[in-house]
Amino acid sequence: MSFVLATRNEHKLREFRVLLEPHELVPLPDDVTLPPETGETFEENARVKAQAACDATGMAAIADDSGIEAASLGGRPGVRSARYAGEGASDEDNLAKLLAEVPEHGDRRVAYVCAIAYVEPRGEPRVFTERCEGELAREPRGDGGFGYDPAFVPVDRDDGRTMAELSIADKDAISHRGRAARAFLAWFEDRA
């Protein structure tokens, strides 16, 4: 089946193409404008983007909203992860701000959260939310992944590597996005 992916993020498009195989992901057409992410939850933001993409294209659509939550910051940056250091901030800017704000010798627990919304024409949205628990490294390591990956050390592994140091397959096996994609696929395949 073909789905339109409601994102302009090339990293997410590449990642989802692997995670949702054998289904085909179609990039969001250039003339489609996604609504701003103003929701208070990952689920709300994902649902609104998927609905907008479905309405604009007439195709079944998938959208995700994801981010990182730091325990010592009361769950921040959360839904503001992509703009944590301000509008137009780079991944490096956002990560530097998080590293500066999480106490050096305090609670360094973090969690990645991903909500994937699926909408088809004349259908009700379905949302699948998953988490990956971890600890924030004191400095970035690795050149894989994107976003906060260079400082996210998943608890599912005992080798101390960050998400940016893992192979794509190892990351997908434990990541929040990988888990949410598998939950969606299980539901979608079972429904068929």
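The values are calculated or read from the model by the stated rules, or taken from the named source; none is laboratory data. A quick note: this is a predicted structure, and the numbers were derived from the prediction, not measured. Reconstructed Cβ throughout: ideal geometry from the backbone, glycine too, with neighbour counts over all protein chains shown.
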- Message: Of everything in segment 144-163, what is more than 14 Å from the chain's Cα centre (by Cα), surrounded by fewer than 17 Cβ atoms within 10 Å (Cβ to Cβ) and under 29 Å from LYS49 (Cα atoms)? Give them in sequence order.
- Response: GLY144
- Message: Quick test for you: out of ALA137, ALA117, pick the one residue that is over 13 Å from the mean Cα position of the chain (by Cα) and closer than 19 Å to SER81 by Cβ.
- Response: ALA137
- Task: Consider only pairs whose beta carbons are under 8 Å apart and that are at least six residues apart or on different chains; among these, list those whose first residue lies in segment 60-77 and is more than 27 Å from GLY106 (Cβ to Cβ) and at pLDDT 95 or above and whose second residue is surrounded by fewer than 20 Cβ atoms within 10 Å (Cβ to Cβ) and hydroxyl-bearing (Ser, Thr, Tyr).
- Result: ALA60/SER2
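Residue-by-condition table, conditions (1) modelled with pLDDT of 95 or more; (2) under 25 Å from ALA117 (Cα atoms):
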| position | (1), (2) |
| --- | --- |
| ARG141 | yes, no |
| GLY147 | no, yes |
| ALA151 | yes, no |
| PRO154 | yes, yes |
| ARG161 | yes, no |
| ILE168 | no, yes |
| ASP172 | no, yes |
- When you go through (1) surrounded by fewer than 17 Cβ atoms within 10 Å (Cβ to Cβ); (2) over 20 Å from ASP65 (Cα atoms) one by one for ALA137, which number turns out not to apply? (1)
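Only residues that are surrounded by fewer than 17 Cβ atoms within 10 Å (Cβ to Cβ) and either at pLDDT 90 or above or not in a loop (DSSP other than H, G, I, E, B) (or both): list them for segment 9-22, please. First the steps, then the outcome.
Step one: list which residues in segment 9-22 are surrounded by fewer than 17 Cβ atoms within 10 Å (Cβ to Cβ), which gives 9-11, 13-14, 17-18, 21-22.
Passing the criteria: GLU10, HIS11, LEU13, ARG14, ARG17, VAL18, GLU21, PRO22.
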